[in-house]
1. Cross-link list Lys235/Lys259; Lys56/Lys343; Lys195/Lys251; Lys195/Lys221; Lys227/Lys251: which exceed 20 angstrom alpha carbon to alpha carbon?
2. How much of the DSSP bridge set in the chain is antiparallel, in percent, rounded to the nearest 5?
3. Compute the helix-to-body angle for 180-192: its Cα long axis versus the longest principal axis of the chain, expressed 0 to 90° and rounded to tens.
4. Using the Karplus equation 6.51 cos²θ - 1.76 cosθ + 1.60 (θ = phi - 60°), what ³J(HN,Hα) coupling, rounded to whole Hz, does each residue of the stretch 25-33 give in order, writing x for Gly and Pro?
5. If each residue of separation counts as 0.36 nm, what is the full-extension length gain between Ala231 and Ser333 once their alpha-carbon separation is subtracted?
6. Taking the simple approach of a point 7 Å from Cα along Cα-to-Cβ for both Asp224 and Asp29, what is their distance in nm?
7. Let me know the charge dipole size of the chain about its Cα centre in debye, to the nearest 20, where only the beta-carbon of Lys, Arg (+1) and Asp, Glu (-1) is charged.
8. Apply 1/(1 + (r/R0)^6) to the Cβ-Cβ distance of Ala50 and Ser317, taking R0 = 35 Å, and write down the FRET efficiency to the nearest 0.05.
Amino acid sequence: MRALTISAHGGLEQLTYTEDAPEPQLTSDTDVRVRMYAGAINHVDLFVVAGVPGVKIAPGWVVGSDGAGVVESMGSAVRNLKVGDRVLFNPGSSDRTCEYCLAGEMPLCLKYQILGEHRTGTLADLVVVPAASVWAVPPGVSWETAAAFPLATLTAWRMVVSRARVHPGDIVLIWGIGGGVALAALQIVKRIGAKAWVTSSSDEKLAMARAMGADATFNHKTQDVAKEVRALTGKKGVNVVIDSVGEATWKQSLLALGKLGRLVTCGGTSGPMVETDVRRMFWNQWTLMGSTMGNDEELGAALAALRDGDLVPPIDSVFPLEEGRAAYARMQSGQHFGKIVIKVRD
Ligand SMILES: [Zn+2]
């Protein structure tokens with residue numbers, strides 16, 4: 001079958017398009033095999049190519065964490081699905097038996113796996129996933145949108161709704177608008193009726209964010225974001241910060257965060273090590289939170305919003321599978337505004 005693969009870690013030159021990848025087989029009676037129509041990439045896919053500490057890949061590893069397609073075959077124990085169903089994936093899967101899973105907190109599962117990282121990925125003609133990871137594509141939603149949706153929207157949903165508990169009237173500062181998680185966070189914040197303040201190094205992206213409803217925008221290359229935020233809020237600061245950048249933004253995030261503020265991080269694309277003055281943390285009574293992926297309840301709620309048409313991910317560009325490396329290069333460039341989709345078949 002056709003697939004985008006890596007056989008060693010390194011730069012994007014490791015990404016190889018092949019037409020000779022072995023077809024994945026059903027390995028349990030709860031597996032589902034899906035004929036792929038589209039995939040999408042996320043920052044995690046760049047980390048997989050570079051190499052994630054402690055995560056091993058087998059040569060010919062199929063990459064990609066997001067995708068959508070049609071059910072091609074399935075194990076005998078799979079219920080509620082039939083051959084031909086249009087489906088997308090929860091990129092995360094878990095054992096469904098540990099105490100975290102039973103409490104509905106699948107992303108905390110000790111056996112949690114992400115497609116393309118711990119399991120072979122989505123950028124191929126066929127992919128095998130557990131039935132529990134398979135969700136129906138809402139009627140009328142295109143393959144590109146279905147593939148672009150899950151990872152970034154699920155991540156943002158958990159950050160904004162479940163972790164930060166954003167409510168109407170909150171001011172939420174979102175770093176780096178243009179990335180999938182930041183854009184989904186903007187949409188979810190606006191949907192709640194809170195105010196979304198966003199940053200970018202590109203004035204063009206900030207204009208696009210305003211068109212999507214951003215209430216204030218800051219160019220973090222030319223402006224002191226924390227200073228501007230404090231000026232606009234009468235020195236109070238914002239209620240919530242959504243940060244996936246890490247090292248480069250942490251200090252500014254905390255300077256912009258008001259009393260009783262909540263900061264949620266889902267990653268450190270600029271580097272992992274940050275510094276926090278505990279005196280400011282306790283005095284301002286901050287909550288600093290981590291978040292990753294999401295559970296079934298969160299994905300179900302996000303998909304309902306997609307079905308209603310008010311949480312549709314903007315798409316930056318679509319590349320054919322053969323040009324998958326160019327899609328990764330666009331992600332690495334940081335020039336994108338919206339999801340980068342890879343079309344597997346028409
Ligand atoms: Zn578990």
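The values are calculated or read from the model by the stated rules, or taken from the named source; none is laboratory data. Since the model is a prediction, treat every value here as computed from it, not as a measurement. All Cβ positions, even for glycine, are placed from backbone atoms using ideal geometry, and neighbour counts span all protein chains on display. Note: areas computed on protein heavy atoms with side chains; ligands, DNA, RNA excluded. Shrake-Rupley method; radii C 1.70, N 1.55, O 1.52, S 1.80 Å.
1. From Lys235/Lys259; Lys56/Lys343; Lys195/Lys251; Lys195/Lys221; Lys227/Lys251, over 20 Å: Lys56/Lys343; Lys195/Lys251; Lys195/Lys221.
2. In the chain, DSSP labels about 55 percent of beta bridges as antiparallel.
3. The two axes meet at around 60 degrees.
4. 10, 5, 10, 8, 6, 10, 7, 10, 10
5. So the chain would gain 33.5 nm between Ala231 and Ser333.
6. Distance between label points: 6.7 nm.
7. 1180
8. 0.95
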